[in-house]
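Here is the structure we will look at, set down as structure tokens.
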Ligand SMILES: *Cc1c(COP(=O)(O)O)cnc(C)c1O
């Protein structure tokens, strides 16, 4: 099975990097995938999943949660302010915190609810204008700002530019996390997760290599 293959490749990459087995967690990215493929992965015992749209996640995960215990769901796509309330109720973790306005609204909601999902800050390591994420030069100040608001920021996330060597971006993300004392690094997808493990990823986000190609048709 594809899931077992990916888990095995992660273990090998951990070993090659001298890291302890299990120090990288696999997020199965289930966006756009048919329900039966997700169910097959749940039936194999996997419980950690990523979705990149709030609406789509709201349509399928409440039902899966009724049927399977211990599901952990991470939001890995852009978050609009008007979807924030729904997002904090749906997700155990939000990896796409990327701007001060969103941080402020999250802090208000956290106070109101007395709870907040775990958070990761998305960094636009390639400084691509069309891509979400805080710019690397602004990351330290933004992390400090989030901490001042008592937000539970655990780490950083990035999506490197398509045409560039991802390892350089993984290394940059790792450096920013280290100097800010943040333990979690979410980086690496189907094409490059082993390189991300080599650079210290604690989460890799793998979709098509587990579920097959996404059919947007
Ligand atoms: C879709 C997606 C992934 C998974 O991509 P694959 O190439 O299918 O592994 C990972 N991270 C984010 C943010 C995504 O949107």
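Against the test of being away from the ligand (no atom under 16 Å from the Cβ) and more than 26 Å from residue 48 (Cβ to Cβ), the options 154, 165, 128 yield a single qualifying residue, 165.
Residues in region 40-52 that are in contact (Cβ under 8 Å) with a residue 24 or more places away in the chain and either touching a helix residue (DSSP H, G or I) at 6+ places or on another chain (Cβ under 9 Å) or within 10 Å of residue 211 (Cβ to Cβ) (or both): 41, 42, 44, 46, 49, 51.
Of the residues making up region 169-191, those that are closer than 27 Å to residue 43 by Cα and either part of a helix (DSSP H, G or I) or more than 15 Å from the chain's Cα centre (by Cα) (or both) number 1. Checking region 183-198 against the condition returns a match, with at least one residue being surrounded by fewer than 21 Cβ atoms within 10 Å (Cβ to Cβ), more than 13 Å from the ligand (Cβ to nearest atom), over 21 Å from residue 6 (Cβ atoms) and in contact (Cβ under 8 Å) with a residue 12 or more places away in the chain. Against the test of being touching a residue at least 24 places away in the same chain (Cβ under 8 Å), away from the ligand (no atom under 13 Å from the Cβ) and under 22 Å from residue 31 (Cβ atoms), the options 121, 143 yield a single qualifying residue, 121. Residues of region 144-158 that are in a helix (DSSP H, G or I) and in contact with a helix residue (DSSP H, G or I) (Cβ under 8 Å, 6 or more places away or on another chain): 145, 146. Out of curiosity, is residue 209 closer than 29 Å to residue 35 by Cβ, within 13 Å of the ligand (Cβ to nearest atom), modelled with pLDDT of 95 or more and buried (at least 21 other Cβ atoms within 10 Å of the Cβ)? No, not satisfied.
The values are calculated or read from the model by the stated rules, or taken from the named source; none is laboratory data. Keep in mind that what you see is a predicted model, and the values were worked out from it rather than measured. Glycine gets a Cβ as well: all are built from the backbone with ideal geometry, and neighbour counts include every protein chain shown.
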